[in-house]
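Heads up, the thing below is written out as structure tokens.
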Amino acid sequence: MRFDTLVRGGRVCTAELGEFEADIAIMDGKVAAILRPGEAAEALEVIDATRYIVMPGAIDPHLHFCLIKRPDEDYDTETASAAVGGVTSVIPYLITRDDYDQLYRETVDGAETAAHVDYAFHYYVGTNEHIANLAHYICDHGVTSFKFYMPAKRGEETIFGDVSLDDGMMYDLFTELARFEHAVACVHCENIEVVWRFRKRAMESGRDDLAAWSDTRPPFVEAEAVQRAIAFAHHTGCAMHVVHLSSGAGLNEIRHGKARYPHARLSVETCPSYLVIDKFSPAGNLAKVVPPVQSKADNEALWEGLADGSIDCMATDHSPSLREWKNGSIWQARNNFTDVAVMLPILLSEGHHKRGIGLRRIVELCAYNTARIFNLYPQKGTLQVGSDADLLLVDLNWERTVRNDELYTWADFSIYEGMRLRGWPRLTMVRGKTVQRDGRLVDGVRGNGTYLPRAEEVRELAR
């Protein structure tokens, strides 16, 4: 048999088997065989993986596209940035106060002409109509994950206008999602009513810096909301995923929740910014985000959570922004920045090299666990026969200085600018097609990405 591609000579690392020597044969975009090193085989293309770690492509389950630009623009630049960092699948959040049918179609139509990597969607839930349409979104759109934004209260600016998302709506959402085995509620956990009081006092005192922003949303407001959301998930039987965990206090509530409810379907992500940026960062307004970066102690607590298994996966909350939108007062600066290109390199450099986190654990955090949580496994998140041939050739010793103009995003700054990171993907492959090599996008791969519906296993439950 003659394969399309043979990846030969590398050390493979998967979550299921750890590290082992093998050659990987690819046919029609799928892993066709796992061969003994040097086993006789023919292929149209042979890729020399000697000196590299071959691992599954990373999955970023938390991004925000099309808040400013059209899908055919954002899915071009931002998935190119993903490919440079070894991310082969992305799951951005779509948001509208209306029914999702039109936005879904417009986004797929734009993305399919532009995306360099594969993509799925999450939907925000902000109205009772959204909840009533969940079965339709799951079965007909293939969307199985839905975000509930706990801070969306009257008096806080939200995309849902004057709609206030209270605990009653969260309960109804969780109850409906619990009907579907593979559906999951993605919850932004903050107690905004406490934040309002802290913010008023900080502004009246004249504070105007990144630390002031962080102090108005201290770890307590995340931890309390995490505890409350876990109780709702346990009571309803809903699978729940806590997004962008930012604090040691929040992590402790996750640990308590998992111990208290061992059979609950509870998972949690954190982001690169909460690992390496703190509230006294010289990035200042550029590092403003919600929830905010906290203290160095919180950084280290989250690293411990990654190492000991308390945190299930990595994400980025990637949302492109311009420097000019961050100017002026901290209170008016926008809450976003980009980091999809550095998620894996930060884990390799700061996690593996500096803190001894094993490569198998990094694969769990960036690929395997994410695929399982969001109903993409075993198509994604692994390298086994029949899986999509999404793989990386990682050079553990390749050191690069982060330069925003090398990351392909339309954002004009990076909060990681100048950071020296050791460990980058030399090659990124999506369904058997090389899309990135040596930090440069391969020509002709725009539109290579495809939509990932995730609902086949749950269609019957909705009938």
Inset, instruction - Looking only at region 319-347, count how many residues are polar (S, T, N, Q) and closer than 16 Å to residue 68 by Cα. - result: 5
Legend entry - Given (1) crowded, with 23+ Cβ neighbours inside 10 Å; (2) under 22 Å from residue 275 (Cβ atoms), number of the condition residue 215 does not satisfy: (1)
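Within region 107-166, take every residue that is among the acidic types (Asp, Glu) and within 30 Å of residue 390 (Cβ to Cβ) and give me the one that is surrounded by the most Cβ atoms within 10 Å (Cβ to Cβ).
Here the residue is 118.
If we scan region 2-9, do we find a residue that is assigned to a helix (DSSP H, G or I), surrounded by fewer than 15 Cβ atoms within 10 Å (Cβ to Cβ) and not acidic (Asp, Glu)? So that I can check it myself, show each step before the final result.
Pass one, region 2-9, residues assigned to a helix (DSSP H, G or I): none.
Checking region 2-9: not a single residue is assigned to a helix (DSSP H, G or I), surrounded by fewer than 15 Cβ atoms within 10 Å (Cβ to Cβ) and not acidic (Asp, Glu).
With among the aliphatic types (A, V, I, L, M) and assigned to a loop (DSSP other than H, G, I, E, B) as the only criterion, which of 114, 43, 33, 80 stands out?
Details: 43 fails: assigned to a loop (DSSP other than H, G, I, E, B); 33 fails: assigned to a loop (DSSP other than H, G, I, E, B); 80 fails: assigned to a loop (DSSP other than H, G, I, E, B).
Just one listed residue meets the conditions, 114.
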Inset, instruction - Examine region 249-261 for a residue that is within 21 Å of residue 146 (Cβ to Cβ), among the hydroxyl-bearing types (Ser, Thr, Tyr) and surrounded by fewer than 17 Cβ atoms within 10 Å (Cβ to Cβ), and state whether such a residue exists. - result: yes
Inset, instruction - Specify the residue that is surrounded by the most Cβ atoms within 10 Å (Cβ to Cβ); the eligible residues are those in region 184-211 that are of a type in the set (A, V, I, L, M) and either under 30 Å from residue 372 (Cα atoms) or under 27 Å from the mean Cα position of the chain (by Cα) (or both). - result: 187
Legend entry - Candidate set from region 425-440 (those that are over 20 Å from the mean Cα position of the chain (by Cα) and assigned to a loop (DSSP other than H, G, I, E, B)); member that is surrounded by the most Cβ atoms within 10 Å (Cβ to Cβ): 432
Inset, instruction - Please state which one of 135, 178, 183 is within 25 Å of residue 455 (Cβ to Cβ), touching a residue at least 60 places away in the same chain (Cβ under 8 Å) and in contact with a Cys (Cβ under 7 Å, 6 or more places away or on another chain). - result: 178
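Can you tell me which residue is nearest to residue 116 (Cα to Cα) among those in region 337-355 that are out of contact with any helix residue (DSSP H, G or I) (no Cβ under 8 Å at 6 or more places or on another chain) and surrounded by fewer than 20 Cβ atoms within 10 Å (Cβ to Cβ)?
Within region 337-355, the match that is nearest to residue 116 (Cα to Cα) is 353.
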Inset, instruction - Could you look through region 403-424, keep only residues that are under 21 Å from residue 74 (Cβ atoms) and of a type in the set (A, V, I, L, M), and pick out the one that is surrounded by the fewest Cβ atoms within 10 Å (Cβ to Cβ)? - result: 411
Inset, instruction - State all residues of region 111-132 that are of a type outside the set (A, V, I, L, M) and under 13 Å from residue 450 (Cα atoms); if no residue qualifies, say none. - result: 112, 113, 116, 118, 119, 121
Legend entry - Meets criteria (within 25 Å of residue 185 (Cα to Cα), among the aliphatic types (A, V, I, L, M) and part of a loop (DSSP other than H, G, I, E, B)) for residue 67: yes
Legend entry - residue 339 vs. criteria among the charged types (D, E, K, R), closer than 21 Å to residue 248 by Cβ, in contact with a Ser or Thr (Cβ under 8 Å, 6 or more places away or on another chain) and assigned to a loop (DSSP other than H, G, I, E, B): yes
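What do you reckon, is residue 181 surrounded by fewer than 18 Cβ atoms within 10 Å (Cβ to Cβ) and either modelled with pLDDT under 95 or within 21 Å of the chain's Cα centre (by Cα) (or both)?
So residue 181 fits the description; yes.
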Inset, instruction - Would you point out the residue of region 259-317, among those that are small (Gly, Ala, Ser) and not in a helix (DSSP H, G or I), that is farthest from residue 348 (Cα to Cα)? - result: 264
Inset, instruction - Assess whether residue 392 counts as being in contact (Cβ under 8 Å) with a residue 40 or more places away in the chain, surrounded by 24 or more Cβ atoms within 10 Å (Cβ to Cβ) and outside any strand (DSSP E or B). - result: no
Inset, instruction - Could you tell me whether residue 143 is part of a strand (DSSP E or B) and at pLDDT 95 or above? - result: no
Inset, instruction - Take the residues in region 53-67 that are more than 24 Å from residue 360 (Cα to Cα) and buried (at least 24 other Cβ atoms within 10 Å of the Cβ), then tell me which one is farthest from the chain's Cα centre (by Cα). - result: 65
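The values are calculated or read from the model by the stated rules, or taken from the named source; none is laboratory data. A quick note: this is a predicted structure, and the numbers were derived from the prediction, not measured. So basically every Cβ, Gly included, is an ideal-geometry build from the backbone, and we count neighbours across all protein chains shown.
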